[in-house]
Amino acid sequence: EDKVVQSPLSLVVHEGDTVTLNCSYEVTNFRSLLWYKQEKKAPTFLFMLTSSGIEKKSGRLSSILDKKELFSILNITATQTGDSAVYLCAVINGSSNTGKLIFGQGTTLQVKP
Amino acid sequence: DTGVSQDPRHKITKRGQNVTFRCDPISEHNRLYWYRQTLGQGPEFLTYFQNEAQLEKSRLLSDRFSAERPKGSFSTLEIQRTEQGDSAMYLCASSLGGADIQYFGAGTRLSVL
């Protein structure tokens, strides 16, 4: 059964800190891995990764995928209180015709002023 | 582009009642997904539509649940004879055929008393 595990489950940091969120996965036919940010509303898309070793970057956020070791990390530098959210990692199994997302349980990040 | 919209945002009902939720996807998106998210967990896939055809249903979707997407536009999710275990956030997402990125609505939070 396809599975996604995120760690840590929760994290408390102070503004300006750098954080690394982890996502490991088991999927029979990997197609892509996606990161979403969920505040008290709709999950919003951050990154999609399909190839190993290529870093995706957007402002203070970056992510990279390791298809050999079956994991991805999401880095946030110089954290701000607005980064407080649940960060969700999901994979898509390429054998599925539907493109459904298989999510991990999420990492709750709290950034204190 | 108004994004994915869901209605209502919150629903409180008594056990045994029927409820119906609505999702309006992004207008040109032919793929539509329903997910369920309980507290502290990532979203779990419920069902998938491609245009008006329902092509996959999760085993989580008991016979009390039914979903439709008439005319391939908006979708409804109905839960009959609600149970307390149905209390959750019901998320809708849409995507353009062939694209992996799904765009989520803000969800409908169901509380069954």
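The values are calculated or read from the model by the stated rules, or taken from the named source; none is laboratory data. Nothing here was measured: the structure is a model prediction, and the numbers come from that model. Every residue, glycine as well, gets a Cβ built from its backbone with ideal geometry; the counts of neighbours run over all protein chains shown. For the accessible areas, the whole protein counts, side chains as well, though only heavy atoms, and no ligand, DNA or RNA atoms are used. Shrake-Rupley method; radii C 1.70, N 1.55, O 1.52, S 1.80 Å.
Give me the base-10 log of I(q)/I(0) for chain A at each q in 0.10, 0.17, 0.23 Å⁻¹, Debye formula, one uniform scatterer per Cα, rounded to two decimals. With one equal scatterer per Cα and no solvent, log10 I(q)/I(0) is -0.27, -0.76, -1.32.
Suppose accessible area is computed on protein heavy atoms with a 1.4 Å probe; arrange B:Arg22, B:Arg15 from highest to lowest.
Values: B:Arg22 90, B:Arg15 160 Å².
Largest accessible area first, the list is B:Arg15, B:Arg22.
Among the listed pairs A:Lys3/A:Lys100; B:Lys14/B:Lys71; A:Lys40/A:Lys112; A:Lys41/A:Lys68; A:Lys100/B:Lys11; B:Lys11/B:Lys71, a Cα-Cα separation exceeding 22 Å is found for B:Lys14/B:Lys71; A:Lys41/A:Lys68; A:Lys100/B:Lys11; B:Lys11/B:Lys71.
Each Lys and Arg adds +1 at its Cβ and each Asp and Glu adds -1 at its Cβ; summed about the Cα centre, region A:1-66 shows a dipole of about 300 debye.
For region A:17-113, the solvent-accessible area works out to 45 Å² per residue, with a probe of 1.4 Å and every protein chain left in place.
Taking Rh as the Kirkwood radius computed over C-alpha pairs, what is the Stokes-Einstein D of chain B at 37 °C in a medium of viscosity 0.692 mPa s, expressed in µm² per second? Mind dumping the intermediate values first?
Values: Rh = 14.0 Å.
Rounded to a whole number, D works out at 235 µm²/s.
Put simply, chains B and A cover up around 1700 Å² of each other's accessible surface, both sides summed, when a 1.4 Å probe is used.
Enumerate the residues in region B:57-98 having an amide nitrogen under 19 Å from the point lying 7 Å beyond the Cα of B:Arg22 toward its Cβ. What the label zone holds, given the 19 Å backbone N cut-off, is B:66-80, B:90-94. Using a probe of 1.4 Å on the protein chains alone, the accessible area found for A:Glu15 is around 90 Å².
What FRET efficiency comes out for A:Ser58 versus B:Leu96 if R0 is 22 angstrom and r is the Cβ-Cβ distance? Round to the nearest 0.05.
Numbers: r = 21 Å, r/R0 = 0.95.
Working from the Cβ atoms, E equals 0.60.
Each Lys and Arg adds +1 at its Cβ and each Asp and Glu adds -1 at its Cβ; summed about the Cα centre, region B:19-59 shows a dipole of about 180 debye. On the beta carbon distance between B:Ala53 and B:Ser5, with R0 = 25 Å, the FRET formula returns roughly 0.65. For the protein assembly as shown, a simple Cβ point-charge model (Lys and Arg +1, Asp and Glu -1, everything else neutral) yields a dipole of about 420 debye relative to the Cα centre. Farthest towards the positive end of the charge dipole of region B:1-44, among the residues B:Tyr33, B:Phe21, B:Val4, is the Cα of B:Phe21, using unit charges on the Cβ of Lys, Arg, Asp and Glu. Where in region A:68-107 does accessible area fall by at least 40 Å² between the isolated chain and the complete protein assembly, at a 1.4 Å probe radius? So the qualifying set is A:Thr98, A:Lys100, A:Leu101, A:Phe103, A:Gln105.
Evaluating 6.51 cos²θ - 1.76 cosθ + 1.60 at θ = phi - 60° for every residue in region B:101-113, the Karplus couplings come out as 6, 9, 10, 9, x, 6, x, 10, 8, 9, 10, 9, 8 Hz, glycine and proline recorded as x.
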